[in-house]
Amino acid sequence: DAGITQSPRHKVTETGTPVTLRCHQTENHRYMYWYRQDPGHGLRLIHYSYGVKDTDKGEVSDGYSVSRSKTEDFLLTLESATSSQTSVYFCAISDLAKERRTDTQYFGPGTRLTVL
Amino acid sequence: AQKVTQAQTEISVVEKEDVTLDCVYETRDTTYYLFWYKQPPSGELVFLIRRNSFDEQNEISGRYSWNFQKSTSSFNFTITASQVVDSAVYFCALSGGYYGGSQGNLIFGKGTKLSVKP
C-alpha cells in the first residue's frame, strides 16, 4: 500500500470557521491531489500540486486553498467553512513515469468533514 | 472536454452470477488513460487497473476482466462468479496524461454500486 495518511480522519466544525486538512506521504511522489466525494457526483478535483510550492486549481476550487512547502505534505484549507463543503475529502499521489505519461494515482483513507 | 459516464447507478446480483459494469468516456486527447477503482463499504479507494489508449488488448486478472474498445469509447469491467466481497462502488476514471496540461488529473464517473447477495 502507498504510504499516504490524512488527518484528521473525521471533523465536525461550524460554518465560518477555518479548517485545514493534511495529507502526508512517505513515497516521495511529485504529484499530489485533493478530491472531494459527494453523493451523485463521484470524485471531483479541488486542487493539485506538481511540486513543492507548485499548485494549480481543479474543477471545484472555489472556497479552498492549498499549500505545499515540503514534498511529503499537502495541505487543504477551507478559509471559512460552509455547509456545502460537507463532504469526504481524499488525497491522492502519483509520480512522473519515465515517458512523462500518467502514472497511477493512489488514494489516502479520506477525511469526513461535516460543517454545521 | 473530458467526460466519463457510468450509466448503471446500482446493480444487484446473486452470488456466483457474472456482472458487467459499463463505462463510456469522451476525450479529444489522442493519448489517454483509463482506470477502474473499487470503493468497498469501508470507504477507501482501491486501484484495480490502468489502461492506455494505445493498448486495446483485453485484460484478465483472476475473476476480473476488462474490455477496452476504442471504437465505442468504452472500457467495461466484468466480474465472473461474483462474491459477496465484491460488493462495493466501482469508479471508472479518465486521464489525459500530461500532454493536455492537465497534469494527470483524473475525471471520474459517478460510480456504480454493486451489491452481491448470498
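Every number in this text was worked out from the coordinates using simple rules, so none of it is lab data. Bear in mind the structure is a predicted one, so any value in this text is a computation, not a measurement. Cβ atoms come from the backbone with ideal geometry, glycine included; neighbour counts cover every protein chain shown.
Apply 1/(1 + (r/R0)^6) to the Cβ-Cβ distance of B:Ala7 and B:Asp55, taking R0 = 35 Å, and write down the FRET efficiency to the nearest 0.05.
So the FRET efficiency works out to roughly 0.90.
Step through the table entries A:Lys57/B:Lys117; A:Lys11/B:Lys38; A:Lys11/A:Lys57, compare each Cα-Cα distance with 31 Å, and write down the pairs that go over it.
Listed pairs above 31 Å: A:Lys57/B:Lys117.
Taking 8 Å as the Cα distance limit and 6 or more residues as the minimum spacing, I'd like the relative contact order of chain A as a percentage.
Here the relative contact order equals 35 percent.
For a paramagnetic label modelled at 7 Å from the Cα of A:Glu14 toward its Cβ, which residues of the range A:67-88 fall within the zone defined by backbone nitrogen distances under 16 Å?
Counting backbone N atoms under 16 Å from the label point, the list is A:80-83.
Averaged over B:33-44, how many beta carbons belonging to a partner chain fall within 10 Å of each residue's beta carbon?
Mean partner shielding for this stretch: 3.
Looking only at other chains, what is the average number of their beta-carbon atoms within 10 angstrom of each beta-carbon in A:36-48?
Going residue by residue through A:36-48 and averaging, the value is 4.
Projected onto the charge dipole of the range B:10-118 (+1 at Lys/Arg Cβ, -1 at Asp/Glu Cβ, origin at the Cα centre), which of B:Val85, B:Ile60, B:Leu45 gives the Cα projection farthest towards the positive end?
B:Leu45
What FRET efficiency would be calculated for the residue pair B:Lys113, A:Asp73, taking the C-beta separation as r and a Förster radius of 30 Å, to the nearest 0.05?
That gives a FRET efficiency of 0.35.
With charges only on Cβ, +1 for K and R and -1 for D and E, what is the dipole size of the protein assembly as shown about its Cα centre, in debye, rounded to 20?
The dipole of the protein assembly as shown has a size of about 220 debye.
Quote the FRET efficiency, to the nearest 0.05, computed for B:Leu48 versus B:Lys16 with a Förster distance R0 of 25 Å and r equal to the Cβ-Cβ distance.
Working from the Cβ atoms, E equals 0.75.
Return A:Ser83, A:Ser61 ranked ascending by Cβ neighbour count within 10 Å, so the fewest neighbours appear first.
Arranged by neighbour count, lowest to highest, A:Ser83, A:Ser61 become A:Ser83, A:Ser61.
For chain B, give the magnitude of the charge dipole about the Cα centre (Cβ charges: +1 Lys/Arg, -1 Asp/Glu; no others), in debye to the nearest 20.
180
Distance between Cα centroids, the range A:10-78 to the range B:1-73: provide it in whole Å.
26
Can you sort B:Arg28, A:Arg112 so the residue with the fewest Cβ neighbours within 10 Å comes first?
Least to most surrounded, the residues fall as B:Arg28, A:Arg112.
Hey, got the average number of other protein chain Cβ atoms within 10 angstrom for residues in A:86-93?
Mean partner shielding for this stretch: 1.
Run the dipole for chain A about the Cα centre, Lys and Arg Cβ at +1, Asp and Glu Cβ at -1, nothing else charged, and hand back the magnitude in debye, nearest 20.
Roughly 80 debye, rounded to the nearest 20.
What percent does the relative contact order of chain B come to when contacts are Cα pairs within less than 8 Å and at least six residues apart?
With pairs under 8 Å counted, the relative contact order is 37 percent.
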